[in-house]
Every structure is written in structure tokens, then in C-alpha cells.
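To start, the structure under review is shown below, and the notes come after it.
The values are calculated or read from the model by the stated rules, or taken from the named source; none is laboratory data. Remember, predicted model here, so these are calculated numbers, not experimental data. Virtual Cβ from ideal backbone geometry, glycine too; neighbours counted across all protein chains shown.
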Amino acid sequence: MAEKVASDDNITYHSFDVLIVGAGGAGMRAAIEAGTDLNVGVVSKLFPTRSHTGAAQGGMAAALANVEEDNWEWHTFDTVKGGDYLVDQDAAEILAKESVQAVIDLENMGLPFNRTPDGKIDQRRFGGHTRDHGKAPVRRSCYAADRTGHMILQTLYQNCVKMGINFFNEFYVLDLVMNDGKPAGVVAYELATGDIHVFQAKSIIFATGGFGKIYKTTSNAHTLTGDGVAIAFRRGIPLEDMEFYQFHPTGLAGLGILLSEAARGEGGILRNSSGERFMERYAPTIKDLAPRDMVARAMANEVREGRGGGPNKDYVFLDLTHLEPAVIDAKLPDITEFARTYLGVEPYTEQIPVFPTAHYAMGGIPTNIKAEVLSDNDTVIPGLYAAGECACVSVHGANRLGTNSLLDINVFGKRAGQYSVEYAKTAIQVPMPENAADDVIAMIAKVRMAKGKEKIAQLRKELQETMDKNAQVFRTEETLNEALEKVQELRKRYENISIQDQGKRFNTDLLEAIELGFLLDLAEVTVIACRERRESRGAHLREDYTERDDKNFMVHSMVYKQEKIEKNTGTNMRIGWKPVVVTNYQPMERKY
Amino acid sequence: MAELSVPTIESFTVTLIVRRFDPENDTEPKWEDFDVEMYGTDRVLDALHKIKWEQDGSLTFRRSCAHGVCGSDAMRINGRNRLACKTLIKDLDISKPIYVEPIKGLPVEKDLIVDMTPFYKAYLEINPFLVATDKPKKERLQSPEDRARYDDTTKCILCAACTSSCPVFWTDGQYFGPAAIVNAHRFIFDSRDENAELRLDILNDKEGVWRCRTTFNCTEACPRGIEVTKAIAEVKQAILRGRA
């Protein structure tokens with residue numbers, strides 16, 4: 001259990017061997033692996049089962065070959081090609097190889113996978129996962145109806161409970177304390193009381209998820225504000241590949257609520273306003289099951305060229321009407337209910353209006369295959385780990401394949417747990433500096449008493465609108481400069497915010513203000529990285545540089561925070577580049 | 001191909017009457033009115049956000065996913081337990097004010113936020129995890145029929161809409177409540193689990209399944225459509241006759 005080492009009036013001190021920040025899939029998988037031999041603690045902004053892993057639907061990839069021939073090498077190839085060759089191939093190999101055990105682990109923990117008639121884990125098709133290097137779609141996704149993420153989150157939490165893992169729920173981590181370049185711990189704000197907690201730990205794992213809330217139309221939860229990623233960045237850790245943000249093709253039109261790719265895996269078809277199955281033109285071989293970047297772009301293009309549906313011709317249709325209602329009920333119950341609840345559309349008989357929605361950050365905190373965080377292209381920060389969406393290993397490169405994120409959190413969450421324990425067993429605790437909480441206390445005091453003129457919600461709205469308008473599926477130097485200018489304006493206005501709730505208990509007004517600060521940082525990094533990558537690759541489409549440029553850009557971007565204004569970016573950010581790890585697969589033209 | 005027609009929806013003013021309580025300033029809860037401009041397709045959560053973001057930043061509630069899967073925003077809306085993010089304004093009678101208050105039977109922390117600790121405690125007491133002593137090298141086999149046996153109760157998102165709609169739970173906070181029983185059901189009827197006897201024993205307690213008066217409030221409240229009362233009845237049957 002947690003050991004309280006000391007305490008004064010407002011600050012509680014805790015000491016752990018391994019401290020995990022975030023209780024979604026990656027954080028809890030790490031906790032289970034870290035076990036209870038050492039002091040392991042998990043700090044989470046939300047009660048664990050509220051984490052956004054629970055919103056994942058379609059499945060988790062693993063070449064079990066339960067229903068047809070498959071192997072991990074095909075999976076590796078698909079991952080590399082799906083990521084438009086920006087994937088680090090050593091990491092992709094690990095992801096694919098360890099996927100089988102990762103699924104078995106979950107089943108053994110109790111996960112209720114759908115089953116084949118002979119009782120094995122059932123598998124279905126998903127975008128970009130193919131047989132023998134692209135010949136045809138393959139059944140690789142292990143699933144539990146269309147609530148696979150929910151079942152993973154529940155199963156991991158159940159096993160944490162079983163093991164007696166120590167949780168600090170509704171504790172919001174606001175700072176990473178570094179001492180002479182080494183991590184000493186984190187500082188957290190307890191939402192219920194407004195109290196400050198300082199956690200020192202030998203190993204710290206960030207598993208804080210994504211930051212879809214930089215966009216307006218998103219499948220992401222309100223709470224996905226990139227806190228961990230922004231905290232790392234503020235403490236001098238670079239961010240990798242931030243220009244690669246995935247837009248999921250099938251968000252409910254106007255709302256962004258996710259409708260799983262499993263709908264297409266089960267036979268669903270995308271159509272434009274004239275009823276044409278337009279993916280046949282964009283990806284003749286695997287059609288609707290092309291990778292997400294290609295499908296999202298095709299949809300946006302259909303709309304742009306006037307073939308969208310609805311009064312404003314601003315969406316296309318997901319057609320499930322040819323599927324048996326029994327199949328829909330058994331395999332896609334949740335998403336069809338979303339269509340009924342939120343759009344009043346009956347998927348048995350009507351087509352569902354859909355449009356791409358901001359979904360997943362391929363980029364994030366740079367790590368190596370041991371989930372260790374890097375301070376530059378290859379220097380490890382001992383004792384600091386990251387896993388899941390907040391991290392960039394990079395297994396997703398320029399575009400993640402569906403079902404590879406539930407896999408990522410399990411494989412690299414487990415690795416983070418493993419290696420963090422190994423490190424903590426022999427490491428000496430980095431001393432917690434005096435007044436470690438001062439920065440957080442000052443930040444909270446400043447925000448709580450903020451009596452300026454700007455409303456948080458208004459600034460956030462303007463941020464999200466400029467990101468949707470200028471840094472979404474299609475991008476140009478001009479739109480990105482416009483976005484950058486706007487973000488910088490918003491950062492200035494953020495200095496003049498006002499909040500109404502000055503209380504200590506459950507001050508969500510304060511919370512939203514701090515979250516907005518993180519979003520502004522991450523939006524700026526994203527836009528800078530987008531602007532500096534003058535090519536098109538994966539999810540990043542530059543209309544002014546439409547070709548992939550392997551000669552100049554077969555590299556990861558690394559954005560660093562600087563004290564002074566940098567000449568090449570015009571901001572206090574510096575951009576560097578990092579080579580891609582290539583093992584077996586040389587870049588080829590990407591056709592499906 | 002028939003194009004979908006999205007009807008042009010007029011915006012209109014809705015009055016929300018929200019139960020407020022700030023322990024730092026109030027001695028007791030009070031009702032407060034807010035008028036907000038909404039569209040019929042908006043959700044009650046959108047209305048709460050609109051109030052918080054435009055009128056009163058101190059209005060406090062939990063929310064995260066905003067589409068009914070994280071279980072954060074269960075509340076009493078016009079006297080019924082629902083998720084604010086799954087309740088469309090157009091499905092309520094907007095000629096009258098919409099009453100919003102915290103779920104009942106759990107201590108109010110602030111406005112719509114309640115202390116969930118007693119709820120989680122009951123959940124933890126039923127051993128909500130698979131117990132299986134074998135050490136398989138691969139997956140355990142389970143037939144689709146065996147898998148279907150407990151499918152319904154795997155949907156639970158721990159939102160507490162069921163437990164806090166139960167009149168027995170309102171008067172007796174010691175009662176395990178529907179959600180804990182649903183989660184016990186999920187394991188009792190899982191063919192891979194070896195701990196059914198223990199769970200049945202726990203729920204055979206005087207605060208266990210026999211407190212259920214089958215009022216079906218829980219089933220009506222469940223935002224995931226789980227047949228909660230039926231699950232409780234199946235657990236009762238299993239205590240009497242063993243799991244079938």
C-alpha cells in the first residue's frame with residue numbers, strides 16, 4: 001500500500017516504486033504486469049472504467065489464425081504499409097509477434113470474446129488487415145460484439161481489483177517533477193478536495209491517452225485533453241510525429257460519435273448521394289476495407305466534389321441495409337443503437353449519415369520498444385515510461401490500422417509494466433526537490449482567481465473550429481499558417497481568462513481551464529509539425545505537396561520546446577527529425 | 001437512392017431546473033432555473049454544458065464520453081434515472097421545465113455529483129473477477145451458447161442508474177443493489193468461472209438478492225438495456241437450485 005512519507009498543511013506526500021499515470025487500457029495493463037511485489041500505484045483523472053478505452057468498439061488484431069490462415073509476418077507488413085512506411089519496423093514486429101499472447105492473456109483474465117462454433121476466439125475483418133501482403137482481407141480482429149474496448153477496460157479493472165492494485169481516482173496529475181534531468185515524481189490535484197498530492201516514484205509510467213479535443217468534430221471524450229503529453233512537453237520532452245492525426249471515416253454526421261469499422265468488416269458499404277459504392281474507385285482490391293486515411297480522404301473528396309448527401313451535401317452514407325437484422329443485433333448492437341438514439345435512423349432499413357471524425361493521435365511522447373521515454377532521437381530518460389495513445393513507439397507511423405490500438409495498449413502497456421518494475425528493483429529514488437509542488441500550486445492559484453475577460457468555453461470553441469477548418473483531412477501551408485496564427489492569438493487571450501467557481505471541491509470550472517491550456521500547447525505543436533512536413537503521407541495530406549517524398553521525409557518529426565523564438569518555426573518550438581527503423585520492408589507505392 | 005431528409009429543426013428555449021448544492025457555501029440543496037436555447041436533437045448533457053459554459057461555470061457534474069458508454073453522467077431527469085448524454089431534449093416534454101437532480105440514495109458531493117463509494121463497495125464485495133485455477137496455454141474454450149448465457153450482464157458500465165433507482169436501496173443503503181448483482185451474474189453464469197458458489201453465498205445474505213422486490217425500476221433505468229430484474233431473478237434461482 002501507499003506509504004505516506006510526510007505531510008504538511010496542504011500537501012500530502014506519497015512514495016511508490018512504480019507509479020502509473022492514467023487508468024485506461026495501457027495504464028491498467030501496466031499495473032497488472034507490474035503486480036504487487038513492489039509498491040505500485042495508479043493515479044487517474046477518472047474512475048478507471050470511465051476511461052476512453054471503453055469506447056473502442058471493433059476489436060483487437062492478432063494473427064491467431066482461428067478462422068483462416070494468418071501469421072504475424074503478414075500482420076507486421078500490413079501495419080508497416082498501413083502506416084505509409086513511417087512505422088518503426090522493429091516495433092511493428094514486436095506488436096504483431098506479441099499480439100497472440102496479448103489476446104490469450106485477456107481471455108485468461110476473463111474477457112468474454114465472441115466465439116467460433118468450436119469455442120475458440122472468433123475473428124473478423126478490419127481495414128488494412130490482409131492475407132499474404134495485400135491479396136485479400138483477412139479475419140484478424142478478435143472481438144466482443146462491438147464493445148471490445150469496454151470489455152478490455154472492464155476485464156483489466158476486474159483483474160486490478162483481484163490483485164489489490166492501489167488506485168487514486170479523480171486525481172488529476174498536473175506536473176512531472178524532474179531533478180537534474182531525471183524524473184522524481186508527479187504532482188496531482190485531488191478533484192474532490194482541491195488538495196495537492198506529491199507522488200515520488202522510482203519508475204513513472206505515463207498512460208494518459210489522447211487529445212482529440214483539439215478538434216471540434218471528434219469521437220474522443222470531453223476528458224481527452226492530452227494532459228500527460230502536454231506535461232511531458234512542458235518539461236522538455238520532445239513530441240514525435242504530431243502531424244499524424246487519424247480521422248476515423250465513420251463518425252455519425254454532425255456529431256462525430258464513432259461507428260466502428262467493424263460495420264464495414266461485417267459487410268457494410270459506403271455510398272455517396274447517388275448510391276455509388278465509391279470506394280471501388282479509390283481502392284479497387286479491398287474497397288471499403290482500405291485503411292482509414294484513404295477512406296476518410298475518399299469520403300471528404302466525395303463531399304467536396306458535390307456527391308455528398310443531406311440538405312447541405314456534407315456527408316456520405318454507411319449502408320447496412322443488406323445485412324441480416326440478426327447479424328446486426330449480434331455483432332453491431334451498440335453502434336446501430338447510436339444511429340437510432342442520436343440521428344433517429346433505423347440501420348435495418350435506412351442508410352446512416354457519416355463523416356470523418358478526429359479519432360486518434362499516432363504521435364506523442366517518443367519511446368523505444370521497452371516503452372522508455374526518449375529525450376531526443378535515442379537518449380533514454382531512465383525511469384520514465386509511456387504507453388498507449390499518449391506514446392509514439394512508433395507502431396502506427398503515419399496512419400494506424402483499426403484494431404491495432406487495443407493491441408498497442410496491451411502489448412506496450414505490458415512492456416511498460418515489465419520494464420518499469422525491472423528498473424525500480426535496483427534504482428535509487430531520484431530525490432524530490434524542495435517545493436516540488438510550487439509550480440502547480442501557483443498555476444492553480446492563478447487560474448482559480450482568474451478574473452479576466454475571456455471565457456474558457458469560447459476560447460476552446462475557437463480553437464476547435466480553427467483546427468477543424470485548417471488542420472483536418474486536407475491541409476496547406478496557408479491553412480496551417482492561419483491555424484498557427486489563431487492558436488497563438490488564443491494563447492495570448494488565455495492569459496486573460498476568467499472562471500466563476502472559486503471553490504476547492506470538485507472545481508470542474510478550474511479543471512476545464514487547465515485542460516484548455518494543455519490543448520493549446522498540443523494544437524500548436526500539431527500545427528507546427530503539420531506545416532514543417534512538406535509532403536503527403538498517411539493521414540497527413542498536404543494539398544500543396546501531394547506526393548510522398550521518401551528522399552526528404554522518410555523521418556519522424558520531433559518538436560522540442562525552447563526558451564527562445566526559433567528562426568525556422570517562428571515560435572518557441574524547434575523541429576528535429578529522427579530516422580525510421582527499417583528492417584524488412586522498403587517503402588513501396590501504397591495501393592489497395 | 002432516397003436521400004435522407006434531415007428536417008430543419010428550429011431552436012427553442014428550454015427551462016432546466018437543476019438541484020444545486022455547494023457544500024462550501026450552502027447548508028442545504030436548492031433548485032435553480034436556467035433558460036437555454038436548444039435544438040431538439042441536443043441532449044440534456046448539451047444543455048448542462050451550455051449552462052456551465054455560458055451562464056454559470058460553477059455548475060458541477062461528471063461526464064466524459066458523451067455517448068453512453070463511460071457511465072459518468074447518470075442523473076435524475078424528470079424523476080427518472082438516465083444518462084444525460086443519452087437523453088435527447090426532443091424526447092422530453094419541453095412545454096414544461098426539465099428537472100435535473102443527482103441520483104438518489106448516495107451522498108451528494110456537489111450539485112449533480114454524488115459520492116459513489118458505497119456503490120463501488122458493493123460491486124467489489126461480490127468478487128467481480130474471473131476465478132479459474134487451470135493454467136491454459138491458449139484460450140479457454142467456450143461454446144457460443146455458453147458465451148451467450150451471460151452476454152447481457154457484460155454490458156454494465158457501472159453508472160449506478162439501476163441501483164440508485166431502487167426503492168429498497170433508498171431505504172437500506174446496506175443492500176447490495178442491482179448493479180452488484182448484475183456483475184455477480186456476469187461471473188456466476190460464465191462457464192469458465194469456478195467461484196459461483198462463493199458469489200451465490202454472498203448474495204444469499206440478508207442484504208443480498210432476497211431484498212429485491214421486483215419493482216423493475218432497475219430494468220427501466222438501465223441505459224444499456226440490460227434486463228436487470230431478470231438477472232436478479234436468475235441469481236435467486238441459482239441460489240435455490242444451483243446455476244443451470
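What the table below lists for this structure:
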item	result
Test for B:Asp35: is it in a helix (DSSP H, G or I) and of a type outside the set (A, V, I, L, M, F, W, C)	no
Helices (runs of 4 or more DSSP H) lying entirely in the stretch A:428-535 (those with 3 or more residues that are modelled with pLDDT of 95 or more, over 23 Å from A:Ile565 (Cα atoms) and more than 24 Å from the chain's Cα centre (by Cα))	A:438-448
Condition broken by B:Glu101, with the remaining ones in (1) facing chain A (nearest Cβ under 9 Å); (2) under 17 Å from B:Cys159 (Cα atoms) satisfied	(1)
Inter-residue pairs, beta-carbon under 9 Å, first more than 13 Å from chain B (Cβ to nearest Cβ) and assigned to a loop (DSSP other than H, G, I, E, B) and in the stretch A:348-367, second basic (Lys, Arg) and buried (at least 24 other Cβ atoms within 10 Å of the Cβ), 6+ apart	A:Met362/A:Arg400
Matching option when the condition is modelled with pLDDT under 95 and out of contact with any His (no Cβ under 8 Å at 6 or more places or on another chain), among B:Leu4, B:Leu59	B:Leu4
From A:Ala523, A:Ala513, A:Ala483, A:Ala471, residue being surrounded by 23 or more Cβ atoms within 10 Å (Cβ to Cβ), within 14 Å of chain B (Cβ to nearest Cβ) and over 22 Å from A:Thr367 (Cβ atoms)	A:Ala513
Among residues of the stretch B:116-143, those that are part of a loop (DSSP other than H, G, I, E, B) and either closer than 28 Å to B:Val168 by Cα or of a type in the set (S, T, N, Q) (or both), counted	8
Failed item in (1) in a loop (DSSP other than H, G, I, E, B); (2) away from every other protein chain (no Cβ under 12 Å), with A:Pro112 passing the rest	(2)
Every residue from the stretch B:78-110 that is surrounded by fewer than 20 Cβ atoms within 10 Å (Cβ to Cβ) and either in contact with a Cys (Cβ under 8 Å, 6 or more places away or on another chain) or β-branched (Val, Ile, Thr) (or both)	B:Ile94, B:Val108
The stretch A:493-509 residues that are of a type in the set (Phe, Trp, Tyr) and buried (at least 20 other Cβ atoms within 10 Å of the Cβ), paired with ones that are part of a loop (DSSP other than H, G, I, E, B) and modelled with pLDDT of 95 or more (beta carbon under 6 Å, 6 or more apart)	A:Phe506/A:Leu191; A:Phe506/B:Thr60
Single residue of the stretch B:117-149 satisfying the filter (more than 7 Å from every other protein chain (Cβ to nearest Cβ) and buried (at least 21 other Cβ atoms within 10 Å of the Cβ)) that is farthest from the chain's Cα centre (by Cα)	B:Ile126
Residue check, A:Val177 touching a residue at least 60 places away in the same chain (Cβ under 8 Å) and surrounded by 24 or more Cβ atoms within 10 Å (Cβ to Cβ)	no
Among residues of the stretch B:41-76, those that are among the small types (Gly, Ala, Ser), under 22 Å from the mean Cα position of the chain (by Cα) and within 7 Å of chain A (Cβ to nearest Cβ), counted	4
Residue within the stretch A:147-167 that is farther than 25 Å from A:Phe16 by Cβ and more than 8 Å from every other protein chain (Cβ to nearest Cβ) present	yes
